[in-house]
1. Given the structure, is Ser197 in contact with a Pro (Cβ under 7 Å, 6 or more places away or on another chain) and under 23 Å from Ser102 (Cβ atoms)?
2. List the strands (runs of 3 or more DSSP E) that sit entirely inside the stretch 62-153 and contain at least 1 residues that are open to solvent by 10 Å² or more (accessible area, probe 1.4 Å) and of a type in the set (A, V, I, L, M, F, W, C).
3. Pick from Arg481, Arg458: which is modelled with pLDDT of 95 or more, under 30 Å from Val43 (Cα atoms) and open to solvent by 40 Å² or more (accessible area, probe 1.4 Å)?
4. What do you reckon, is Arg326 among the basic types (Lys, Arg) and under 29 Å from Val367 (Cβ atoms)?
5. For the stretch 265-279, which residues satisfy the criterion of being touching a Phe, Trp or Tyr at 6+ places or on another chain (Cβ under 6 Å) and either open to solvent by 30 Å² or more (accessible area, probe 1.4 Å) or not assigned by the TED database to the domain that holds Val328 (or both)?
6. Quick check on my filter: what residues within the stretch 69-78 are more than 14 Å from Cys359 (Cβ to Cβ) and out of contact with any Phe, Trp or Tyr (no Cβ under 8 Å at 6 or more places or on another chain)?
7. Considering the stretch 280-304 alone, what residues qualify as being surrounded by fewer than 21 Cβ atoms within 10 Å (Cβ to Cβ) and within 24 Å of Arg458 (Cα to Cα)?
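The values are calculated or read from the model by the stated rules, or taken from the named source; none is laboratory data. Everything quoted here is computed from the prediction, not taken from an experiment. Backbone-built Cβ (ideal geometry, glycine too); neighbour counts: all protein chains shown. Surface areas here come from the heavy atoms of the whole protein model, side chains and all, with no ligands, DNA or RNA. Shrake-Rupley method; radii C 1.70, N 1.55, O 1.52, S 1.80 Å.
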Amino acid sequence: MAAVLPLLAAALLVLFSGLHPAASTAAAGGEAATVVVKAAAAVSRTDDNFVCATLDWWPRDKCNYGMCPWYNASIINLDLNNTILNNAVKAFNSLRIRLGGSLQDQVTYKVGSNYGDCRSFQRDDGGLFGFTDGCLEMNRWDELNVFFKRTKKAAGGKDTLYSGDWDARNALDLMRYTAGKGYRVESWELGNELSGSGVAARVAAAQYGRDVAVLRKAVERVYGGGGEVPKVLAPGGFYDGAWFSEMLRVSGRGAVDGVTHHIYNLGSGKDRDLVRKMQDPGYLDQVEKTFRDMAATVRGSGPWSSPWVGESGGAYNSGGKGVSDRYVNGFWYLDQLGMSAAHGTRVYCRQALVGGNYCLLNTTTFVPNPDYYGALLWHRLMGPVVLKAATTAGGGGSPYLRSYAHCSREKPGVTVLLINLSNATAFDVSVAGGALGAVPCGGRREEYHLSPRGGDIRSQVVLLNGEALTLGPGGEIPELRPAVVGDGCAAPLRVAARGIAFVRFTEFKAPACAA
């Protein structure tokens, strides 16, 4: 049965166990567009640490499509002392990290007396996902927790039907060891991708609900003596409305704090159509139904809980080579952050911090890929209060210009995210407040414009306000400085073709932000 893995955050989660058709107008001055921010009331609220990243178990001989892109990026062998890795995590100040992945349900923990052989993962064509069972030794668990403390982060968690009650003894031993050491685990999650029809293995919803109730009692028993009790997350699998509802019903009121689901809506990592999909507004819109349905399921069957995206890498099987680690990948990623937040998602975990082709940090050098900077800007600028943003352009809505708005993080005003999917059309965007009528906001605006080097959306180098983002001589993450404009909402701002912009309006008076 599944193993349990912890969530650590600066927060930590742990688990148990190509081009689209150009827009029709390409005027030199840009197409006029207006974004109306309805600021009277929030539409939803995220966790303070909405942006999350994952670490996985995959060994270096995990291969897809003739490639083996994991190297030494596993939870087991990742170089936790690498300077760039440490600097990249510290730059968030507080980052939730989920430990887990497909091999999670084959992991045992070398602690206590309730484990068998403690061996490393080995290739096994007859095993689940092509590997044998594996083991996490406590000296490695200690090393991981030293890393989380040093970077001020915290961590979280064949078609086979698992039946019978979950044997929680090994997981309970791990929790006792962790609590006894004083390690901060923010959440514990049960299993990985066992919901619905599962991925290689599955658990019936009622059985899973009973097992989650056991996990809840175990967490309360271990941590109930004082201090903060970690959250319980479930099920860490692909959304299936009937299955999720039954799991929440059986587990009982208050058993699950975060209902976690996984999303790989771009399809296979070998799909030659990935770039087009990432720039196709109609394709990107399709996943909105999942966020909407997930929110409705939680409201109806587990209103004490909240929706989380526990894992999302865009394209599955390690992502797309030459695509998932390039500038173009930011189109779907940032769009999905905005879309999921607007539908009540509390936390969104990106697969992966390091490893595969969809990593935020290069798997061998740890140098940040473009999406790292998009994630860092979101974390620093977009606060937890989500506002409704509506876009009009050229006399009607332009699907190529995506807009999202939040109260600014830890600062006054409102921050707007603008994503231009078009290869040919720039937009001159005016921002107005729905709660203010059409009255422009005063003060200044701080603009962070992202673009690919040389205009090539497959570039691995991202520019901020025209300057390449590169590491300092000691591996320091560069400062992310805005271009400051004194016009507030009074003058339009240009979002270039293929451009992404975070814009903070310092004196946007939003009633929702003052509540």
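1. no
2. In the stretch 62-153, 134-137 are the strands (runs of 3 or more DSSP E) which contain 1 or more residues that are open to solvent by 10 Å² or more (accessible area, probe 1.4 Å) and of a type in the set (A, V, I, L, M, F, W, C).
3. On inspection, the qualifying residue turns out to be Arg481.
4. Judged against the criteria, Arg326 is a match.
5. Result: Lys270, single match.
6. Asn77
7. Asp280, Pro281, Gly282, Tyr283, Asp285, Gln286, Val287, listed by residue number.
Matching residues to (1) polar (S, T, N, Q); (2) outside the structural domain of Gly313 (by the TED database):
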site: Leu337; (1), (2): no, no
site: Thr345; (1), (2): yes, no
site: Thr364; (1), (2): yes, no
site: Tyr372; (1), (2): no, no
site: Tyr404; (1), (2): no, yes
site: Cys407; (1), (2): no, yes
site: Val414; (1), (2): no, yes
